[in-house]
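First up is the structure itself, then whatever we jot down about it.
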């Protein structure tokens, strides 16, 4: 009786997982080209701001004699003159009294409406969202005359308005900016709140949490990145708003800081270097807010981008 020696069969080769190339789907050459294009676009976008910053430290007489492509004539007197001539201290205070209440009121009201739209389902859910978005579909110029006449007829106590009406008061600009920005903020926050797990609300209800506690103590901390992103955008938009300020405010001492640039214009000529210095002063508060909320702003914009 013979025995056959079993032949060992080689084990199948284990398939090695494909290695991911550095740089994702872009090759090294394409990545270099994309980097160069983005850098050129960023330079083209930043060039006017950087050029205004450079010229704000130059004397007007020197640039007129040697041209704006020359270098020299450095001075810091443009900022001192712009601050004094433009009365930026007063107008900065006016912009602060307008921007801060308008942004806080917009975020508070829009967060409550967004919570209702995201948390509860009923027949007029989408219709209510459409009503809030309708304000963003109309150009402000189309509502100029109705809003002006309405605010002229709305009475206010004299301790709230020197004119006895909504005109020439900060309340007018606060309410107008809140009304026009409420729809956008509601839309963003409602979509953000819909991504929150429903299980946390079910657990909160089992623990006896009321609707107000679910909104204030549960939802608001979770939507903090979205609120920070919207706060940055709202501060920029409300702070830079100029159209409604010129329509509803007729007293020069109540105009926001964007109107202070008009005070830097001369009767026969305009010192462009002085205006550049004033523009940098106007832009500084927005830049401070952006860099202070940069981390929350980016996290608010990118939330949900990696969800499958």
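No lab work stands behind these numbers, since they all come straight from the coordinates. Only a predicted model underlies this, so the values are computations on that prediction, with no experimental measurement involved. Here the Cβ is made from the backbone with ideal geometry for all residues, glycine too, and neighbour counts use every protein chain on show.
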In what order do 193, 150 fall by count of nearby beta-carbon atoms within 10 Å, going from fewest to most? 150, 193
Can you tell me which of 182, 109, 49 moves the most in a GNM of the chain? Springs connect C-alpha atoms under 10 Å apart. 49
Would you mind calculating the relative contact order of the chain from Cα pairs under 8 angstrom and at least 6 residues apart, reporting the percent as a whole number? 27
Contour minus end-to-end for residue 199 and residue 251, with contour as 0.36 nm per residue of separation and end-to-end as the Cα-Cα distance? 13.3 nm
Quick P(r) readout (the range 35-148; Cα-Cα; 5 Å bins; whole %) gives 2, 8, 9, 9, 11, 11, 12, 12, 10, 7, 4, 3, 2, 1, 0
Once the Cα atoms of helix 170-194 and of the chain are each reduced to a long axis, what angle between those two axes, in degrees from 0 to 90 to the nearest 10, is obtained? 0
Kirkwood-based Rg over Rh for the range 87-302 (C-alpha set), two decimals? 1.04
Förster-model FRET efficiency, 25 Å R0, residue 142 and residue 116, C-beta, rounded to 0.05: 0.30
Give me the angle, in degrees from 0 to 90, between the Cα long axis of helix 125-134 and the longest principal axis of the Cα atoms of the chain, rounded to the nearest 10. 40
Residue order, fewest to most beta carbons within 10 Å, for 203, 56: 203, 56
Measure nothing fancy, just the Cα-based angle from helix 28-55's long axis to the longest principal axis of the chain, in degrees from 0 to 90, nearest 10. 20
Relative to the present Cα-Cα distance, how much length would full extension add between residue 42 and residue 162 at 0.36 nm per residue of separation? 38.6 nm
